[in-house]
Amino acid sequence: MTSSEQVLDSPTGWVADHIRRYLETDGADGHEWRPGVFTLLLTTRGRHSGKLRRTALIYGRDEDRYLVVASQGGAPEHPAWFLNLLADPHAEVQVEGERFTARARPATPEEKPRMWATMAGIWPAYDEYQTKTDREIPVVVLERA
């Protein structure tokens with residue numbers, strides 16, 4: 001990923017607005033999305049287009065790693081950003097004003113119960129989302145590259 005490449009923000013209007021405010025203020029407006037619920041910006045490379053794609057996601061921490069959940073609100077399909085990471089695990093992450101390169105991977109079966117509990121503690125709706133879909137919703141671990 002190069003800094004000169006154009007980045008396409010989420011096509012969902014309210015998410016694109018959130019990203020814009022987050023970028024303009026280095027997260028001063030947007031890092032805390034709801035009381036006690038914090039977001040990061042994740043940029044992946046599109047698996048079909050090759051273009052950079054950015055979205056805002058709720059995150060948690062596991063020591064020095066960041067956790068995000070590929071829930072898509074319990075939709076039957078994985079979100080595009082997760083499929084992009086499966087094709088190319090390299091990502092750019094922004095947390096407030098800090099930007100870094102990360103390598104993404106799904107949590108292992110051993111890690112997932114603990115990490116899921118962390119994330120459901122932040123956003124309890126994840127448990128509901130899992131009941132709405134037959135797919136297993138992944139927890140994604142973002143580790144600094």
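Would you point out which residue out of Glu143, Glu96 is out of contact with any Lys or Arg (no Cβ under 9 Å at 6 or more places or on another chain), touching a residue at least 60 places away in the same chain (Cβ under 8 Å) and not hydrophobic (A, V, I, L, M, F, W, C)?
After applying the criteria, what remains is Glu96.
Residues in the stretch 75-105 that are within 11 Å of Glu143 (Cα to Cα) and assigned to a strand (DSSP E or B): how many?
Number of matching residues: 10.
On the basis of being within 21 Å of Ala102 (Cα to Cα), in contact with a Ser or Thr (Cβ under 7 Å, 6 or more places away or on another chain) and assigned to a strand (DSSP E or B), does Thr44 make the cut?
no
Can you name the residue in the stretch 83-120 that is among the polar types (S, T, N, Q) and open to solvent by 40 Å² or more (accessible area, probe 1.4 Å) and, of all such residues, is farthest from Ser49 (Cα to Cα)?
This residue is Thr118.
Checking Ala56 against (1) under 22 Å from Arg20 (Cα atoms); (2) out of contact with any Phe, Trp or Tyr (no Cβ under 7 Å at 6 or more places or on another chain), only one condition comes out false. Which one?
Ala56 satisfies all of (1) under 22 Å from Arg20 (Cα atoms); (2) out of contact with any Phe, Trp or Tyr (no Cβ under 7 Å at 6 or more places or on another chain) except (2).
Going through Ala145, Ala87, Ala104 one at a time, which residue ends up being within 17 Å of Met1 (Cα to Cα), of a type in the set (Gly, Ala, Ser) and in contact with a Pro (Cβ under 6 Å, 6 or more places away or on another chain)?
Ala104
Answer yes if at least one residue in the stretch 61-82 is more than 24 Å from Met1 (Cβ to Cβ), open to solvent by less than 20 Å² (accessible area, probe 1.4 Å) and within 12 Å of the chain's Cα centre (by Cα), and no otherwise.
Scanning the stretch 61-82, I find at least one residue that is more than 24 Å from Met1 (Cβ to Cβ), open to solvent by less than 20 Å² (accessible area, probe 1.4 Å) and within 12 Å of the chain's Cα centre (by Cα), so the answer is yes.
Using beta carbons and a limit of 8 Å, which pairs, at least six apart or on different chains, have the first residue in the stretch 10-39 and free of Cβ contacts under 8 Å to residues at least 24 places away in the same chain and the second one in a loop (DSSP other than H, G, I, E, B) and among the acidic types (Asp, Glu)?
Arg21/Asp29
What is the residue count in the stretch 6-37 for residues that are among the acidic types (Asp, Glu) and loosely packed, with under 12 Cβ neighbours inside 10 Å?
1
State all residues of the stretch 121-144 that are touching a helix residue (DSSP H, G or I) at 6+ places or on another chain (Cβ under 9 Å), outside any loop (DSSP other than H, G, I, E, B), open to solvent by 20 Å² or more (accessible area, probe 1.4 Å) and not aliphatic (A, V, I, L, M); if no residue qualifies, say none.
Across the stretch 121-144, the qualifying residues are Asp127, Glu128, Tyr129, Gln130, Thr131.
So is Gly13 more than 11 Å from the chain's Cα centre (by Cα) and over 27 Å from Lys132 (Cα atoms) or not?
So Gly13 does not fit the description; no.
What are the pairs, 6+ residues apart or on separate chains, where a residue within the stretch 50-73 that is at positive phi has its Cβ under 8 Å from a residue that is open to solvent by less than 30 Å² (accessible area, probe 1.4 Å)?
Gln72/Pro79
Of all residues in the stretch 5-33, which are part of a loop (DSSP other than H, G, I, E, B), closer than 19 Å to Thr44 by Cβ and among the acidic types (Asp, Glu)?
Passing the criteria: only Glu5.
The values are calculated or read from the model by the stated rules, or taken from the named source; none is laboratory data. Keep in mind it's a predicted model, so treat the numbers as computed, not measured. Note: ideal-geometry Cβ built from the backbone for every residue, glycine included; neighbour counts use all protein chains shown. Keep in mind that these areas ignore ligands, DNA and RNA; they rest on the heavy atoms of the full protein, side chains included. Shrake-Rupley method; radii C 1.70, N 1.55, O 1.52, S 1.80 Å.
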